[in-house]
1. What Rg and what Dmax come out for the stretch B:90-248 when only alpha-carbon atoms are used, in angstroms?
2. What is the helix-to-structure angle for B:184-209, meaning the angle in degrees between its Cα long axis and the longest Cα principal axis of chain B, kept from 0 to 90 and rounded to the nearest 10?
3. Grab the DSSP H runs of the protein assembly as shown that are 4 residues or longer, score each as -39,500 (n - 2.57), total them, divide by all residues and round the 222 nm result to the nearest 500 deg cm²/dmol.
4. Please give the Cα centre distance for the stretch B:109-155 versus the stretch A:715-789, rounded to the nearest Å.
5. Rounded to the nearest 0.05, what FRET efficiency do A:A76 and B:K222 have when you use their Cβ-Cβ distance and R0 = 25 Å?
6. Long-range amide H contacts for A:A939: which residues qualify at under 5 Å (H placed 1.01 Å from N, peptide plane, sequence gap of 5 or more or a different chain)?
7. Going out from 0 in 5 Å bins, what whole percent of all Cα-Cα distances in the stretch A:470-623 drops into each bin?
8. Among B:W184, A:G911, A:L583, whose Cα projects farthest towards the positive end of the dipole of the protein assembly as shown, with charges put on the beta-carbon of Lys, Arg (+1) and Asp, Glu (-1)?
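Bear in mind that the values in this text are calculations on the coordinates, not laboratory data. Keep in mind that this is a model prediction, so the values were computed, not measured. Cβ coordinates were reconstructed from backbone atoms using ideal geometry, including for glycine residues, and neighbour counts include every protein chain displayed.
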Amino acid sequence: MECHMIHSLGERLRIRTMVHVAGEPIPYFWPMRTFIHHNPLHGLEHTSFTKAVAEGTRLFRARGYLPRTTHQRYLAKGTVDPKALEQQVSRFLATEQPLADLNLHQLLMTILRECPQPVSMKLTLANAQDVHDMLHEKALQPRETPLTQLSDLVKSALSKHAPVYTGVDSLFGTEISSILNELVIKSCLDFFDEGQSVWQMPGRSKGLFASWSAIARRNLRLFIRGLHVKQILEVDDTPEGMIRYVMNELGVPEDVWMDYFTSELTQLHGWTGFIRWRSSAKHYYWNRHYPADLVDYLAIRLVLGLALLREHAQRAHTPRSVPELIRFVDDHPAEAFLRHEFHSQQVLPELALAVEDVLATRHKNRIARLLPNYLARKREHEARSQASSLRVLAEKSDSALAIHQATPADLNQLLDLLSRFENQEGYAWLYAEEAHYMDRLIHGLNISLSAKHEKRSFAQVMFCIDVRSERIRRHLEKVGDYQTYGIAGFFGIPVGFIGLDKGSETHLCPVVVTPKNLVLELAIARSTDDQAFVSVVEQIVHELKTSVLSPFITVEAIGLLFGFDMFGKSLAPLAYNRWRSRLHPDKPGTRLLLDKLTREQADSIIRSLQRSMIVKAVGRELDIQREKLTDDMIRELRETALETREGPTEFARHFKLDSPSEDRFIERLKNVYRINQRYAQIQLERLGRIGFTLDEQAHFVSQALRSIGLTEGFSRFVLLAGHGSTSENNPYESALDCGACGGNHGLINARIIAQIANKPAVRERLRAQNILIPDDTWFIPAFHNTTTDELRLHDLDLLPPSYLVYMERLNNELQAASRLCAVERMQSLEPDTPHDDPMDAYRLARRNAMDWSQVRPEWGLARNAAFVIGRRHMTDLMNLEGRVFLHSYDHHQDPRGRLLENILAGPLVVGQWINMEHYFSAVDNDHYGSGSKAYHNIAGRFGVMTGNLSDLRTGLPAQTVLRDGEPYHEPMRLLTLIEAPFPHARTAVENVAKIKHLVYNGWLRMVIVDSEQGSFHRFEDGEWHQYPMPSSTPAIKEIPA
Amino acid sequence: MGMLATAGLFLPLFPLSMVFNLLAKKLHHSWVRCSFLLLWPHVGVFLTSAAHVKIPEIVVVWAMLTSSIYALRLLTIRDLGLWSAFLVTSSSALSWILLAHGTDEPTVHLFLVWTTFPAGVLTLLAEPLSRRFGSSYAGLHGGLAASLPRLSLMLVTTTLAAIATPPFPGFFALLGLLRTSAEWPVITLLTLVWIIWSWAAARMIQGFLAGTPANRVFNDMKGAPVLTHAITLGLFAASGLYMTWNAT
């Protein structure tokens, strides 16, 4: 066999680079444990929104806008601005030539308003003359279609960048794509499993390609299928070499390799996105132990694809490479055309059976006999359909005469214009819907100066900017004397967190930030016996369920218990879960380790760890118990291992170890038990990450307070409400948690900042920065459960006794706000059932959180539409229906605009990701979303699949964005509204490159409201336009924006 | 024997069955095709009865093979009209087993009615499909469950009746056939054929019902034909149950 091995490092790197660049349009997919909302077209954000949507359609075969019928419903409902729609039509026509006597504006508006289906059709065989004849009810002129035209039609349909097997599939109906995807998914499930399977794939630590190829060489199932994978794998050991070999075998020209790779990688974009993210997450446990990257993945796809092509070629004489495919089309144009028609579902229905019969025989004469008839009827069908839809349009737009009088040349021009317009109309609708919403929001703003509070409010509450906070803020402000503020849910403190009994670190901050500091959670006191008992029982049940034989016995023995569990969870979820939670011991009280360790403390901790490791080593290696060791012996062994002393040890003398044995033991201490200088340094660095210095603590609190404009007038209570959700049997639970905390609950961040802000030393430093926090102000962390609307206070044991007298009032009012919020939310979840009673609504909300059959425990962030950065005063009289991210901001506190830049660079970017995730999941839930939850199955503990085998489902499930199959989330680009003087805000926008690109490329709509000037600026068509603020501002706008 | 050979044309035995299917394919009018499918096999029963000869064992084997071949062929057929004809071929070939066991003529006629009637109704349903989409070809226009729910329901219930699922009489007729034959090879093969029918039906239904609906809006079936269809299938099921009850 010819040797194809790549010896050049440069060549390998070239292929690696090509693959990585090719994968860039595919977005990351994070494990579902910490669901990260992101833009599915994130990789295309460098280009304009409209271009990216078109590219997304090409790459992911997905729709970028809602269908026209949905927009027409919105228009009838009044949520589309008709003037803006007309404006978009005029804009489109501005560059078009007039056409005969046709009123093009009226024609296009009629299409938008009255035609549910597209008017223009893709004409492959018919032309404008044929449509003209049909309009005049004339028979079509006979016309012969040259065979070269047919082969050209087929070749243009077979994209030169698409994988070869897709071309073979579309001509021969071979289904190689789906077989290949199935094989690749199975391999991925084996390799990427994170503990779901009981039996693990062997050799995973060698990496994806190496371990897969080792198994594939001996895979009997592949061999039985006739796939000679072993033969291919013998050519080269490296994935790069394999990629080059397969690409050469397929005959793909090297200049299109990158596009070919992109096309190959998008076939299963969920898996590709996961592998992309995983290979970039250096801290990720599973990646460190079982490495994999896109090069491995692509090599596997290509090897299996080639094997399948060869197998089909051998069995069914199908082409096995690009040149063979092209040759087949050129040599058999008629057959190729009919094949393409039939297998790409474009066949004329009435002749489908005849075409199938003829293709089954592959008889040249029969094909030649059928072809003229087929071509004639297809041409007539196209012309008739097009003429018919034009006729309908003509009638609806009163243009019957003009269209009837149009010449074939006019018709050609008209059809071209209609086709281009219908390709772009989605954007026109989107723009008009956004215009309507923007207009309503701006009209509702209260730009008057806020009156200074005469008396101190009872409490100030900081909520996350999340749209779900808006409702509870509104109700809280209504039920009591509360001032509320919006701030990113991580309260500006990016932190790594190691929870109680957890071995790994969780990042509690937006995913775009990497935290420098680490916080540990430590228990105050605990009963380990209770904990151990429950853990052991759960572990046993789990083992029984997952091993090979025990499930048979388990069902017989304790199956009834599971039945009890099932009935409890299904029939009375609230009561049953309350009872069941009593079986688990309460989580012990905990404190957070926030302060930096001194060098001495860190050294002492490391010394102590090393000493206990030596004791363990002595016991394990030499079977010597602790009581036989002296403290000096341990110290000496430690110093010898660390190489700070030399010579034989007292330990060796005492236990009569000869010199080689002693050296061996010391070596093991160094290498196996990691008592060496290098590891000690690593430990020291890790310990160095724990906690914050006092300066950092003061800085974070100061920044958080300044960013929301709270630097004076502090209340007695300042509540910091982190948020999260609770639901049962819901793989998407973390999608409902705090995005600013990396898809985790926000309580820890609230506890951290409260603990810091209550420190006298921190307050003293803040005083020096003119932030005067009175001595009687106490910061309390709270948790806002967005599924139940409950607001629960935490760390109350730290509360000084003098505050306890106010607690009843505080709790009562928080509960009242929760109940009122539940009424509003339950109405949106169940619009057909009245939910007037707050108690009932609150109970139902809690039931939803416990009900394992509930596919929609809450609406989450659906319907999000805007992001307001400014004073709460501007929006506090409006009912924003939980659709707006609210970030408090007072530009007077931020003369240099740095705080605003931080808000734009962090929270706004997260908001935009959330918005785009919802946008695309709503416009095409099958491709950008993850379809119905009802068919989801957990894959490898990190994702979900539809059914038992599918691509990893990215995006949001149908239950999150759709109601009864129609969008509940009205997809719009995030309208960002900044309240600040125009030059101030504009500079901040220009200074944050990411936001500038998003605004200039149309991914965000931006408005800057200058309250003092009474005007606003809107970014449109590449520049800022100034408008006066609407004059009439009603006192209370209960009408939603 | 000549009579018997001629009967093989009507109670289709491969390759004589090709004539039956060719004719079924040529008949485009749905009512004519339906009548043809329902009546043609009965001629075979008349002829075998008139021949007064014992059916040789080999004919049973031949009939079973015919039934199996057409059952397998059903898996690849996508045209509803042709699919119905092939199903009738596969099911009516089974009547040879009854004839070989000396079952009386009315019972064999009844067996044919129970097993072929829903397939005949299916050919009628091909007509509204063709009117809307140009043909009744599975896989070309998916998503009918969402766009045409009533027509989909009619299609599903009739297909279920055609492949002899309970409570439709075909189910009891096949159970009776299994009991009559009482030979393991026949029972095994018959069960396999039955399973393949179900598989083929699932593929056929999937080709129409699943997928994304077409952009165009089509009118669903009106109330009267849906009601007529429901009553017809209801009566069919009820009469089957009644006669099975009486027979046992």
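1. Computed over the Cα atoms of the stretch B:90-248, radius of gyration and Dmax are 17.3, 56 Å.
2. The angle comes out near 10 degrees.
3. Numbers: 54 runs with 722 residues, N = 1289.
After summing the helix terms and dividing by the residues of the protein assembly as shown, the value is -18000 deg cm²/dmol.
4. Centre-to-centre distance over Cα atoms comes out at 62 Å.
5. 0.40
6. When sequence neighbours closer than 5 places are left aside, the close amide H contacts are A:V944, A:M945.
7. 1, 6, 7, 9, 11, 12, 15, 13, 9, 8, 5, 2, 1, 0, 0
8. B:W184
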